[in-house]
1. Looking only at residues that are more than 16 Å from the chain's Cα centre (by Cα) and facing chain B (nearest Cβ under 7 Å) in region A:78-94, which one is farthest from B:T94 (Cα to Cα)?
2. Among all residue pairs at least 6 apart or on different chains, which show Cβ distances below 8 Å where the first residue, located in region A:54-69, is under 16 Å from B:L20 (Cα atoms) and the second is surrounded by 10 or more Cβ atoms within 10 Å (Cβ to Cβ) and among the charged types (D, E, K, R)?
3. Pick from A:T125, A:T105: which is in contact with a Leu (Cβ under 6 Å, 6 or more places away or on another chain), at pLDDT 95 or above, assigned to a helix (DSSP H, G or I) and hydroxyl-bearing (S, T, Y)?
4. List every residue pair whose Cβ atoms sit under 8 Å apart, with the two residues 6 or more apart in sequence or on different chains, where the first one lies in region A:75-91 and is within 22 Å of B:S156 (Cβ to Cβ) and surrounded by 23 or more Cβ atoms within 10 Å (Cβ to Cβ) and the second, anywhere, is among the charged types (D, E, K, R) and at pLDDT 95 or above.
5. What number of residues within region A:95-119 are out of contact with any Phe, Trp or Tyr (no Cβ under 9 Å at 6 or more places or on another chain), in contact (Cβ under 8 Å) with a residue 24 or more places away in the chain and facing another protein chain (nearest Cβ under 7 Å)?
6. List pairs: first residue in region B:69-82 and among the β-branched types (V, I, T), second residue not in a helix (DSSP H, G or I) anywhere in the structure, Cβ distance under 6 angstrom, at least six positions apart or on different chains.
7. Quick one: would you say A:I23 is at pLDDT 95 or above, under 16 Å from the mean Cα position of the chain (by Cα), at negative phi and not in a helix (DSSP H, G or I)?
Amino acid sequence: MKYIKFLLIGILFGIIMTKSEAISWYRIQEMFRFQSFHMYGIIGSTVVIGMIMIQLIKYKQIKSIEGKTIQFQPKEKGVKRYLLGGIIFGFGWALTGSCPGPMFTLIGNGFSIILVSIACAILGTYTYGYFKDKLPH
Amino acid sequence: MIEYISQPWPWYFSGPLITLIMFLLLWSGGYFGVSSNLRSICAIGGAGKKVAFFDFDWKKQIWNLVFILGALIGGYIATNFLSNSEPLQINQKTIADLAEINIPFQGGVMPEVLFSWESLLTLKGFIIIVVGGFLVGFGTRWAGGCTSGHAISGLSNLQLPSLIAVVGFFIGGLVMTHFIFPILFNL
């Protein structure tokens, strides 16, 4: 039963992604062509409010439902993996017009073809895991 | 009320709601990072026997898989019960730019000429659906996160690695859109 709340949060997320049109291939193109503020507004306002929220969580030591203090894992230091991996992700983001979250929401929107993209993304993740030690990090 | 919800939501309404999603996930003992699920699915498939990277306790990630199942259901609810049939309001310049590289705009969320089962067997469709999906999965794990994990969770937590990753996302997206698309879609 503890998973029900995650299902409900996910449903709300899928509705927001659809209604904000962030799942749209065209909206991602508008963003990469700097022809609309829409996507920048969504990501920017999420982050600005998110910064304040995380500072508050840390300062007030807010606890989770389970009573544990909410902890944040700092990301490992480094440049190469973030830049190179990021660029590869960016290629895929522009091609498919979606990142992993919206891919699942697009299936709910009736685009069953995205199942193929998700299968390929899983294969891509597997390929990374296979070659991990040979890649710069 | 339902009429109001049925309109597309402006950025200043959607953005704060995504922050709320991030809060609800943290508050429930999770975090906002969707691409971890791709790694979990590899582990569930047994990849941990061959590749050490997938040898971890994926059962601790079930909550995240449930979350993306919800994201799928949410997409179904939004499009079937909370939408009007108005076409997408995309900038005319974007429509004109895309027309130049033979991608039509018919008011839908996606260019259906590219995203369909018929298109999968064409070169352009294959590159967009298959190669694009592969690069998303490969790149996100190499970078250690996607838009949710880095651009939203990481930047909100003032992580420099996430800023580098987001710069990478945009270098990749801009090069693809402005240099590779004109070649790819004029084939």
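1. Within region A:78-94, the subset more than 16 Å from the chain's Cα centre (by Cα) is A:78-81, A:83-84.
So of that shortlist, the ones also facing chain B (nearest Cβ under 7 Å) come out as A:78-79, A:81, A:83-84.
Working: A:G78: 36, A:V79: 33, A:R81: 32, A:L83: 28, A:L84: 28 Å.
Looking at residues that are more than 16 Å from the chain's Cα centre (by Cα) and facing chain B (nearest Cβ under 7 Å), I get A:G78.
2. What qualifies is A:I65/A:K5.
3. On the way: A:T105 fails: in contact with a Leu (Cβ under 6 Å, 6 or more places away or on another chain).
That would be A:T125, the only listed residue that is in contact with a Leu (Cβ under 6 Å, 6 or more places away or on another chain), at pLDDT 95 or above, assigned to a helix (DSSP H, G or I) and hydroxyl-bearing (S, T, Y).
4. Note: pairs meeting the criteria are A:G85/B:R141.
5. 1
6. Pairs that qualify, where the first residue is among the β-branched types (V, I, T) and the partner is not in a helix (DSSP H, G or I), are B:T79/A:N109.
7. Values: at pLDDT 95 or above: yes; under 16 Å from the mean Cα position of the chain (by Cα): yes; at negative phi: yes; not in a helix (DSSP H, G or I): yes.
Criteria met by A:I23.
The values are calculated or read from the model by the stated rules, or taken from the named source; none is laboratory data. Quick caveat: nothing in here was measured; it's all calculated off a predicted structure. Note that each Cβ is placed from the backbone with ideal geometry, even for glycine, and that neighbours are counted across all protein chains shown.
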